[in-house]
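Reading through the structure tokens given below for one structure.
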Amino acid sequence: MKKQPKGKHSWTAKVGEKGQIVIPKEARDIFGIEPGDTVLLLGDEKRGLAIVKGDKFAELFSLALGLQEAEEDADADHDGNTDL
């Protein structure tokens, strides 16, 4: 496997019969995920899934909403709609 840039990681996980995945131990250690922690699954039909530790949710949610609004504004501007 090609060496990852500093601070970037990738792992694989198999989906079990009940739809469960096991987060690899190295990932749990790096991101401080403990048994009983809540994780958030973010999905984008074009880009896929991301798993975020629950305590990072508010920060990422705000960022995601801001990006979504910016994308919608750009689409509206591209379509000739300049409503503000």
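Rule-based calculations on the coordinates, nothing more; no lab input. Everything numeric here is computed off the predicted structure, so don't read it as measured data. As a convention, Cβ positions derive from the backbone with ideal geometry for all residues, glycine included, and neighbour counts pool all protein chains shown.
Give me the net charge for the shell around L40: Cβ to Cβ below 11 angstrom, other residues only, Lys and Arg +1, Asp and Glu -1.
Details: positive: K53, K56; negative: D37, D55.
After counting each charged neighbour, the total is 0.
A simple spin-label model places the labels of K6 and T38 3.5 nm from each other, with each point 7 Å out along Cα-to-Cβ. In order along the range 24-36, phi translates into HN-Hα couplings of x, 4, 4, 5, 4, 5, 4, 9, x, 8, 10, x, x Hz, rounded to whole numbers, per the Karplus curve 6.51 cos²θ - 1.76 cosθ + 1.60 with θ = phi - 60° and x for Gly and Pro. Between K53 and D77, take the C-beta separation as r, use R0 = 35 Å, and let me know the FRET efficiency to the nearest 0.05. Given R0 = 35 Å and the Cβ-Cβ separation, E is 0.50.
A 21 angstrom limit on the alpha carbon distance is what I want to check against. Which of K18/K56; K6/K46; K3/K25; K8/K56; K8/K53; K25/K53 exceed it? Write down the numbers at each step before the final one.
Numbers: K18/K56 27 Å; K6/K46 26 Å; K3/K25 19 Å; K8/K56 17 Å; K8/K53 16 Å; K25/K53 14 Å.
Among K18/K56; K6/K46; K3/K25; K8/K56; K8/K53; K25/K53, the Cα-Cα distance tops 21 Å for K18/K56; K6/K46.
Across the range 16-50, the residues whose backbone nitrogen lies under 14 Å from the label position 7 Å along the beta-carbon direction of L67 are 42-50. A cut-off of 5 Å between modelled amide H atoms, ignoring neighbours fewer than 5 places along the same chain, links K53 with L40.
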